[in-house]
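The values are calculated or read from the model by the stated rules, or taken from the named source; none is laboratory data. Source: prediction; values computed, not measured. Cβ atoms come from the backbone with ideal geometry, glycine included; neighbour counts cover every protein chain shown. Side chains included, ligands, DNA and RNA excluded: accessible areas come from the protein's heavy atoms. Shrake-Rupley method; radii C 1.70, N 1.55, O 1.52, S 1.80 Å.
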Amino acid sequence: MKKISTETAGELALKMRTNLRVCASEPLNMKTALRQLNVMAIYRPLSHEIWGLSLKSNDGKRFMLVNSNATRGNQHFTIAHELFHLFYDGNPKPHFCKTCTAGNSAERSANMFASALLMPKEGLSYNIPGRELIDKTVSIDTALRLEQLYGVSHSTLVVRLKELKLISDRNVRDLMDLSIRHEASLRGCDLSLYYKGNENLVIGDYGAKAKRLFDEDRISEGHYLELMRKIGYGEDKDNS
């Protein structure tokens, strides 16, 4: 597909926010968004090169696999990236997101959409102090507040601020040189954003559908347990 413009990415992001009944500057809860959009998502450990996968069936059902080994901030970006492929990509096919940095037009468009969806310009501008906007120099305290508010990784935020020309090139370098976990820890921030998590979490009715098939005698108990083990069922039990 042809790469979309920055303006189109913003318009599509606003359209999805409207469908989710979220205003133009409000933070998005991505798990809630998946539920509202009726996208089944499973969080499982994947290779460090792959952040996620998405596919759309012929009958319109949408599915997403998210790498639980990625940080939660990166997981949020992956979900937003894959939502573009599931809802706005003109040629949707089973899609692997390899760190969401591939150079083709569809991947660049998905990245632009994800940035606009997660970090709307209105919200960022509103939450940056006036003096920092004028100087185009966002402080570490402001950067941390923004990434905690919008649930994004530090590097993703800095790239978005640069794209919107809200910070200078020098500010970009200074922010990128920081050890963000260390700085967040010093300020008492919630560190979960910067670590992996959500392993075996399921968004949607995967488990309910498997149970219904078993209750209706359409699959055996062994098949049912096999399906449930795929989402981590029983892995925390004591087998001694």
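Per-structure values
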| item | result |
| --- | --- |
| Residue that is most open to solvent (accessible area, probe 1.4 Å) [pool: residues in region 7-58 that are of a type in the set (D, E, K, R) and in contact (Cβ under 8 Å) with a residue 40 or more places away in the chain] | R35 |
| Verdict on S54 being over 24 Å from S105 (Cα atoms), among the hydroxyl-bearing types (S, T, Y) and outside any helix (DSSP H, G or I) | no |
| Failed item, numbered, when F77 is tested on (1) buried (at least 21 other Cβ atoms within 10 Å of the Cβ); (2) over 27 Å from R35 (Cα atoms); (3) not β-branched (V, I, T) | (2) |
| Residue ID - farthest from the chain's Cα centre (by Cα), chosen from residues in region 80-104 that are modelled with pLDDT of 75 or more and open to solvent by less than 30 Å² (accessible area, probe 1.4 Å) | D89 |
| Filter result for I128 (part of a loop (DSSP other than H, G, I, E, B) and modelled with pLDDT of 95 or more) | yes |
| Subset of region 171-195 (residues that are in contact (Cβ under 8 Å) with a residue 12 or more places away in the chain and under 12 Å from T137 (Cβ atoms)) | N171, V172, L175 |
| Which numbered condition E147 fails, given (1) assigned to a helix (DSSP H, G or I); (2) open to solvent by less than 70 Å² (accessible area, probe 1.4 Å); (3) within 24 Å of I4 (Cα to Cα); (4) at pLDDT 95 or above | (3) |
| Test for N67: is it crowded, with 16+ Cβ neighbours inside 10 Å and under 14 Å from the mean Cα position of the chain (by Cα) | yes |
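This table checks each residue for (1) surrounded by fewer than 22 Cβ atoms within 10 Å (Cβ to Cβ); (2) modelled with pLDDT of 95 or more; (3) among the β-branched types (V, I, T).
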site	(1), (2), (3)
A106	yes, no, no
A110	no, no, no
V138	no, yes, yes
G151	yes, yes, no
I167	no, yes, yes
M176	yes, yes, no
